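Since the structure comes first, as structure tokens, the remarks are kept for the end.
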Amino acid sequence: MRIMIMTDLEGVAGVKDWEDWCRPESRNYDTACRFLTNEVNVAVEAFFAEGASYVQVADGHGPGGIDIELLDPRVEYARGWPPGGWPFGLDASYDGLAHMGQHAKASTEYAHLAHTQSFRYIDLRVNGVSIGEFGQMALCAAELGVPEFFASGDLAFTREAEALVPGIVTCAVKRGVTPGAGEECTAEEYGRRNAGAVHTPPARARELIRTQASRAMRKLREDPPALPPVEGPFERVAVFRPEQAGGPSTIAREEHASSVIELMKLPFNPEVMGREDRVSEGKRQEDRIGKEERSDA
Ligand SMILES: [Zn+2]
């Protein structure tokens, strides 16, 4: 079975903040990369032991997050993408997609270092469903017929993954402690806002990952998680924070008739968000919640 692991850095146990841990110039960046690579290696071990024949590690953190020298020599490592990025080398030949070191989507409460692509986003929706980096990739993977089967990161992220992909096996390695969505923050403020967390020490986190990754791989073989629905036409709406305190929020809308992957490749064209946009966004959310309540009943 062919497996891809998409990695990020903010959701790794022991990675404490953005400033000192997640940028190439951070004093603990090399340590953060080592922590991530060690987490990935135990999942790789588990995937091969449970029947994987090929594993590709796609290094998805902005400036990279994998220490290739420490990486399990049985995998292939991918970094740098074709134009447009999405879906980062994934194709229909894969049998499963895993996310590791992942953080929750922008504006999530009690999420450690939550953001979507950058700290500028307040929210991103595809066809009315609010999603983050995991959800965008899950939709692209669904279009290719590839299920998301394993997700590790902070607790808020693992709950986000479980809500979008019922049946996915997850592993939480830390939990954020900051309440509230932080919608009032500028990008810079939001980047510092959710740095508080209770961490599982890396050695223990790796043991948890080993157990859950084995379970996930067995489940993928026997009873794979369902694909989230991907039926066009597709609309992507993104709302961005003000550049400076007191400035206007901006909103970008793009559409694609038939492909969520092509939708994700479209550049954003943000416009200043008017009062009408706020009303229609609020209305859209109410409509969606109303629909969910009706389907629950
Ligand atoms: Zn990320």
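Couple of notes before you dig in:
- Efficiency of FRET from Cβ geometry, E243 and E25, R₀ 30 Å, rounded to 0.05: 0.85
- For the listed peptides 266-274, 162-170, 209-217, a ranking on the average number of other beta carbons within 10 Å per residue, highest first, reads 209-217, 162-170, 266-274.
- Listed from fewest to most Cβ neighbours within 10 Å, the set D59, D20, D91, D123 follows the order D91, D20, D123, D59.
- Ranked packing of 101-108, 178-185, most packed first, by mean Cβ within 10 Å: 101-108, 178-185
- Percentage relative contact order, the range 124-192, counting C-alpha pairs under 8 Å, at least six apart: 23
- Above-threshold pairs, the threshold being 26 Å between Cα atoms, out of K174/K265; K219/K265; K174/K219; K16/K105: K174/K265; K219/K265
- Each residue, A49 and L266, gets one label point 7 Å from its Cα in the Cβ direction; the gap between the two is 4.6 nm.
- Of the DSSP H helices in the chain, those whose Cα atoms cover at least 18 Å axially and whose Kyte score averages -1.0 or more: 29-49
- Semi-axes of the equivalent ellipsoid for the chain, computed as √(5λ) from the eigenvalues of its C-alpha gyration tensor and ordered from largest down, come to 30, 23, 18 Å.
Every number in this text was worked out from the coordinates using simple rules, so none of it is lab data. These numbers were taken from a predicted model, which means no experiment stands behind them. In this analysis, Cβ positions are derived from the backbone assuming ideal geometry, glycine residues included, and neighbour counts consider all displayed protein chains.
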